[in-house]
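A quick write-up on the structure given underneath.
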Amino acid sequence: MSKPPRFKRVLLKISGEALMGEGEYGLELAMVNRIAQDVKDVVKLGVQVCLVVGGGNIFRGVSGASVGMDRASADYMGMLATVINSLAMQNALEQIGVDTRVQSAIPMASVCEPYIRRKAIRHIEKGRVVIFGAGTGNPFFTTDTAAALRASEMGCDVLLKGTKVDGVYTADPAKVPGAKKIDQLTYLEVLAKDLGVMDAAAISLARESNIPVIVFSIKRPGAFAELMQGRGECTIVTEKEVA
């Protein structure tokens, strides 16, 4: 008999880079489908799930601004990239029988719903996976901040950030062989040490809303479901150190 899930409602933030798989740009459909299966496995546990997907695999606003583009214009382009990824994830989920809705902070009625908080909550209560696209709808804010904002608005128990590594390390483990994994952190430690878990606005909002942040590897199949059952490798960011 499987253990009941640790959380009732969660928000999973997936980086755009995770959707590239082993590629250098764009979407790798096999990876999108695999992540969709991970989400389905968690939904089958009885957990209410919503998603925020980044857009860095297609266009990153900060990178555009660094080569001379107007930052606001570049950020809007990045927001549109997140909608492309959201639609891809919706398609993958619906092909395996998961009822899904995409809501965009930038209205585009021909392809998805506009973001309406009460409607999103109702979808989640009915067991649908809601994917939030277009970030916050405002330039100068990252999709990490959008994830913290939507997690707060949806009343989520936890915010999970799926990355390429299984937690937060003292240095980049791909570049520094001796880098050590950190199991637990406080919000203030993340901010003071500038650890790059999420941007400062996202961490501050999570702290204000008292939503724990769990960083784990989305690249490992089944890791999402393991965390919902109290297992698996990760780093937990909370207000106080967990005893």
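Every number in this text was worked out from the coordinates using simple rules, so none of it is lab data. These numbers were taken from a predicted model, which means no experiment stands behind them. Cβ: placed from backbone, ideal geometry, glycine included. Neighbour counts: every protein chain shown.
Percent antiparallel among DSSP beta bridges with both residues in region 9-238, to the nearest 5?
So the antiparallel bridges amount to about 15 percent of the total.
If a paramagnetic tag sat 7 Å from the Cα of N138 along the Cα-Cβ line, which residues of region 59-77 would have the backbone N under 19 Å from that point?
Label zone hits: 61-62, 71-77.
Using DSSP to define loop residues, name the GluC sites (Glu not before Pro) in region 14-103 whose beta-carbon has at most 10 other beta-carbon atoms within 10 Å.
Listed in order of number, the matching sites are E22, E24.
Could you state the number of Å between the C-alpha centres of region 1-76 and region 126-181?
Their Cα centres are 8 Å away from one another.
For S73 and K3, what is the calculated FRET efficiency with R₀ set at 41 Å and r taken between the beta-carbons, to the nearest 0.05?
According to the calculation, E is roughly 0.25.
Hey, with R₀ at 35 Å, roughly what FRET efficiency would T186 and Q95 work out to, going by the Cβ-Cβ distance, to 0.05?
0.30
Rank V129, V158, V67 by mean-square fluctuation in a GNM of the chain with C-alpha springs under 10 angstrom and give only the top-ranked residue.
Ranking V129, V158, V67 by mean-square fluctuation puts V67 first.
Would you mind getting me the FRET efficiency between R122 and Y25? Use the beta-carbon distance for r and R0 = 45 Å, nearest 0.05.
Computed FRET efficiency for R122 and Y25 comes out at 0.80.
With unit charges on the beta carbon (Lys/Arg positive, Asp/Glu negative), name the residue among G21, C234, L11 whose Cα is farthest towards the positive pole of the charge dipole of the chain.
Result: L11, furthest along the dipole toward the positive end.
Which order do peptides 118-128, 218-228, 100-110 fall in by mean Cβ count within 10 Å, highest first?
218-228, 100-110, 118-128
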